[in-house]
Amino acid sequence: MNDAVINIGLVLSVVQVIILKFTALCSANYFKLDAPENILYIRIAYGVSQLVGYSIMAYVFMRVRDKNDKTALIYNESKNPFAPNESKVVTSTVGDYDKEQVKNFFTQGLTAVAILAFMHLKWGYLRPLFIQAIMSLRQLYSNPMFQIHVLGKPATDNLARPFKTGFGMASQTAGPTKKELKAQDRKAAKKKINRDD
């Protein structure tokens with residue numbers, strides 16, 4: 001599929017997130033979530049949404065591990081998000097790539113939980129908890145790993161590996177050129193010859 005069409009899909013996804021956040025903020029004002037009697041309910045909603053999200057991603061990780069897909073996957077990965085021309089060729093398998101994506105989900109999610117917990121416990125902010133209780137489930141649903149392994153969607157178009165991660169910044173391109181592959185093969189052959197000597 002054309003990169004422009006994929007980028008339009010990413011832009012529409014961002015617009016959806018903005019609309020959802022705005023709706024959550026308006027509903028927070030409407031239901032007076034800052035009232036002291038609502039604190040427990042917001043904490044429970046946030047905890048349950050996080051528990052559901054992490055449980056489902058743990059299930060996805062087990063499915064990926066059980067499938068153990070050894071299909072070769074070669075792609076370019078940017079070393080520096082602000083200099084996309086500086087990239088390295090990564091050779092992996094679909095199974096390893098999927099495991100790495102699930103681990104990234106956990107790492108990013110736990111970082112967000114730590115930040116929100118600090119903000120809530122230190123300053124008493126409730127709105128971020130309420131918004132994340134809703135947004136974490138939306139993020140889970142839009143996660144390519146969830147869509148492929150739980151919903152059973154085919155890994156094509158927007159779900160083709162490597163997944164698009166941004167609008168040109170820090171994004172991974174589909175794969176190296178033939179010239180890059182030959183250079184990589186020559187470099188690997190040189191290393192092998194040097195080790196044999």
What residue, of LEU33, LEU73, is part of a loop (DSSP other than H, G, I, E, B) and buried (at least 16 other Cβ atoms within 10 Å of the Cβ)? LEU33
When (1) surrounded by 12 or more Cβ atoms within 10 Å (Cβ to Cβ); (2) over 18 Å from the mean Cα position of the chain (by Cα); (3) modelled with pLDDT of 95 or more are applied to THR91, the one that fails is (3)
Are there any pairs with C-beta distances below 8 angstrom linking a residue in region 107-127 that is outside any helix (DSSP H, G or I) to a residue that is not hydrophobic (A, V, I, L, M, F, W, C), with the two at least 6 apart or on different chains, and if so which? LEU126/ASP34; LEU126/ASN38; LEU126/HIS120
For region 111-132, state whether one or more residues are in contact with a helix residue (DSSP H, G or I) (Cβ under 7 Å, 6 or more places away or on another chain), basic (Lys, Arg) and farther than 18 Å from LYS21 by Cβ. no
Could you please find all residues in region 144-166 being closer than 27 Å to LYS79 by Cβ and among the aromatic types (Phe, Trp, Tyr)? PHE163
So which of LYS103, LYS79, LYS164 is of a type in the set (D, E, K, R), modelled with pLDDT under 95 and exposed (fewer than 15 other Cβ atoms within 10 Å of the Cβ)? LYS79
Across (1) in contact (Cβ under 8 Å) with a residue 40 or more places away in the chain; (2) assigned to a loop (DSSP other than H, G, I, E, B), PRO154 clears everything bar (1)
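Please find, among ARG65, ARG43, the residue that is in a helix (DSSP H, G or I), within 30 Å of THR156 (Cβ to Cβ) and in contact with a helix residue (DSSP H, G or I) (Cβ under 9 Å, 6 or more places away or on another chain). So that I can check it myself, show each step before the final result.
Values: ARG43 fails: within 30 Å of THR156 (Cβ to Cβ).
The unique qualifying residue is ARG65.
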What is the one condition in (1) of a type in the set (Ser, Thr, Tyr); (2) in contact (Cβ under 8 Å) with a residue 60 or more places away in the chain; (3) in contact with a strand residue (DSSP E or B) (Cβ under 6 Å, 6 or more places away or on another chain) that TYR59 does not satisfy? (3)
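When the residues of region 9-25 are narrowed to those that are within 16 Å of LEU159 (Cα to Cα) and out of contact with any helix residue (DSSP H, G or I) (no Cβ under 7 Å at 6 or more places or on another chain), which ends up modelled with the highest pLDDT? Steps first, please.
Here is the first cut: in region 9-25, the residues within 16 Å of LEU159 (Cα to Cα) are 9-13.
Okay, now just the ones that are also out of contact with any helix residue (DSSP H, G or I) (no Cβ under 7 Å at 6 or more places or on another chain), so 10-12.
Values: LEU10: 69, VAL11: 78, LEU12: 75.
Looking at the filtered set, the residue picked out is VAL11.
The values are calculated or read from the model by the stated rules, or taken from the named source; none is laboratory data. Since this is a predicted model, take the numbers as computed values, not measurements. Positions of Cβ are generated from backbone atoms using ideal geometry, with glycine treated the same way; all protein chains shown enter the neighbour counts.
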